[in-house]
Amino acid sequence: MLRVMIIGCGAIAPAHVEGYLKFPGMCRITALANRSISRADELNSRYGLGAKTVSDYRDALGNVDIVSICTPPREHASIALDAIDAGCHALIEKPMATSLDECDAIIASSKKENRVVSVVAQSRFISGIRNAISVARSGRFGRVLYARANSVWYRGGSYYDLSWRGRWEVEGGGCTLNHSIHHIDLLLWLKGLPKSVISVLANLSHDNSEEEDFSSSILTYCDGSVAEITSSLVSHGEPQCLSFQMERGGIAIPFAAHASATRDNGFPYPDETRRREIEAAFAELPTLTHENHDGQIANFLAAINGDEGLIADASDGRNCIELITGIYKSGVGHSSVTLPIDCGDEFYGNRWRASAPHFNEKKNDVAHFDDMTITDFKGKF
Ligand SMILES: NC(=O)c1ccc[n+]([C@@H]2O[C@H](COP(=O)([O-])OP(=O)(O)OC[C@H]3O[C@@H](n4cnc5c(N)ncnc54)[C@H](O)[C@@H]3O)[C@@H](O)[C@H]2O)c1
């Protein structure tokens, strides 16, 4: 029986608790850690866990096999390294860390200690998303020529009142690092890293944040294909979409299929037969028994037991940080950036954040909100 500690008992922690509770034959939550212990106590009693609660996670590391790291981003790496050092496997909330040097340290340590590290990418565990990506990946409708991620969200100004948000050196970045990472991970899952990126960063309406609430990027791949990523926190109704234009049809998430044929003069008309083929290829794929965090936790536990390979591993988490670092480097420097970012680059570590341009100075701070309701991909696909 694998013993689990959740570290950080805030808004996302219940998704982890509920995930582990789905697999009572494999694991048990035996510890909860939160800086202010009252939040750990509250989570403990809400789910009737009977777990040990601690304010310093290090006090319980020796008695658990798994940690779920649900703290603000800046602390992910140091906690992961402590946990691996203590012999634990780690499920790290996104983003894996705030810099590439931290990601590399986690990867090196997990290899040395032979521990399983997974980085939360729960959208990989949503049937509609996974199956649309499988269709695009199959090559059946040709190469992906152009991909577009509209990672557009809406957050009101008070979102940045939470003390760890809105600061480059604590949150690590704005909507590109903390929201669009979901779509960026999916894009990378299909297409891998581009060879270059050019980006614009802006803060359109969040005056309590140093960071961007908007970014727009164009990615160029070695095979000549391109992708665009729009990240936004000012988009009413959050009309998110990830779309892939293949040589012989288009597929999008939320699911849509399109196919055009051309007249002699090059103008298009709908190719209904091809569109139905894309729909059929999507519909014939299986749906997952467990979705979102539950699905990722199922895979993480199975990987620890040696029954499955990890679907979202540390190198996937690192790839997200590589591309997002490229986006920030390009936006800050107003120039195109070539990937990979090597270890001699000033953007490889966190140092650049100390002199990152501040769109605004942060004025308001609250330790936590009473209302912990959050929204994620659930229900969107
Ligand atoms: N996968 C998703 O869809 C999703 C959604 C929301 C948040 N997140 C991620 O989850 C993480 C946490 O976000 P949140 O919204 O739950 O934040 P939160 O502020 O609600 O909760 C974080 C908690 O961690 C505690 N904490 C901070 N440092 C700690 C430490 N060293 N030891 C123990 N406890 C510590 C804080 O006291 C707080 O209770 C972030 O990385 C965020 O990006 C992921």
Of (1) in contact with a Pro (Cβ under 9 Å, 6 or more places away or on another chain); (2) open to solvent by 10 Å² or more (accessible area, probe 1.4 Å); (3) away from the ligand (no atom under 16 Å from the Cβ), LEU100 fails just (2)
Among the residues of segment 52-73, count how many are touching a residue at least 40 places away in the same chain (Cβ under 8 Å) and either surrounded by 21 or more Cβ atoms within 10 Å (Cβ to Cβ) or away from the ligand (no atom under 11 Å from the Cβ) (or both).
13
For segment 31-48 the number of residues that are touching a helix residue (DSSP H, G or I) at 6+ places or on another chain (Cβ under 7 Å) and more than 17 Å from ILE79 (Cα to Cα) is 2
So which residues in segment 107-132 are in a helix (DSSP H, G or I) and touching a residue at least 60 places away in the same chain (Cβ under 8 Å)?
ILE107, SER110, GLN122, SER123, ARG124, PHE125, SER127, GLY128, ILE129, ARG130, ASN131, ALA132
What are the residues in segment 39-51 that are surrounded by 18 or more Cβ atoms within 10 Å (Cβ to Cβ) and farther than 27 Å from GLY166 by Cβ, if any?
ASN44, LEU49, ALA51
Pull out all pairs, ordered by first then second residue, where Cβ-Cβ is under 7 Å, the residues are six or more apart or on different chains, the first lies in segment 141-162 and is within 20 Å of LEU193 (Cβ to Cβ), and the second is of a type in the set (Asp, Glu).
ARG143/GLU247; LEU145/GLU247; ARG148/GLU228
Of all residues in segment 121-169, count the ones that are of a type in the set (Val, Ile, Thr) and in contact with a strand residue (DSSP E or B) (Cβ under 7 Å, 6 or more places away or on another chain).
4
The conditions are (1) within 11 Å of the ligand (Cβ to nearest atom); (2) in contact (Cβ under 8 Å) with a residue 12 or more places away in the chain, and SER38 fails exactly one of them. Which is it?
(2)
So TYR328 fits all but one of (1) under 17 Å from THR98 (Cβ atoms); (2) away from the ligand (no atom under 16 Å from the Cβ); (3) under 19 Å from the mean Cα position of the chain (by Cα); (4) open to solvent by 10 Å² or more (accessible area, probe 1.4 Å); what number is the exception?
(4)
Go through segment 1-16 and count every residue that is more than 10 Å from the ligand (Cβ to nearest atom) and part of a helix (DSSP H, G or I).
0
Scanning segment 128-151 residue by residue, those open to solvent by 10 Å² or more (accessible area, probe 1.4 Å) and under 30 Å from ARG351 (Cα atoms) turn out to be ASN150
Mind checking which pairs have a first residue in segment 1-19 that is under 18 Å from HIS368 (Cα atoms) and not assigned by TED's automatic domain parsing to the domain that holds GLY50 and a second that is part of a helix (DSSP H, G or I) and within 6 Å of the ligand (Cβ to nearest atom), Cβ under 6 Å, 6 or more apart or different chains?
none
Report yes if some residue within segment 83-96 is more than 22 Å from the chain's Cα centre (by Cα), at pLDDT 95 or above and surrounded by fewer than 17 Cβ atoms within 10 Å (Cβ to Cβ); otherwise report no.
yes
Residue match in segment 282-302 (condition: open to solvent by 40 Å² or more (accessible area, probe 1.4 Å) and among the β-branched types (Val, Ile, Thr))
yes
I'd like to know if segment 74-81 contains one or more residues that are surrounded by fewer than 21 Cβ atoms within 10 Å (Cβ to Cβ), of a type in the set (D, E, K, R), outside the structural domain of LEU162 (by TED's automatic domain parsing) and in contact with a strand residue (DSSP E or B) (Cβ under 6 Å, 6 or more places away or on another chain).
no
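The values are calculated or read from the model by the stated rules, or taken from the named source; none is laboratory data. Every value quoted in this text rests on a predicted model; they were computed, and no experiment measured them. Every residue, glycine as well, gets a Cβ built from its backbone with ideal geometry; the counts of neighbours run over all protein chains shown. The accessibility values were calculated without ligands, DNA or RNA, using every heavy atom of the protein model including side chains. Shrake-Rupley method; radii C 1.70, N 1.55, O 1.52, S 1.80 Å.
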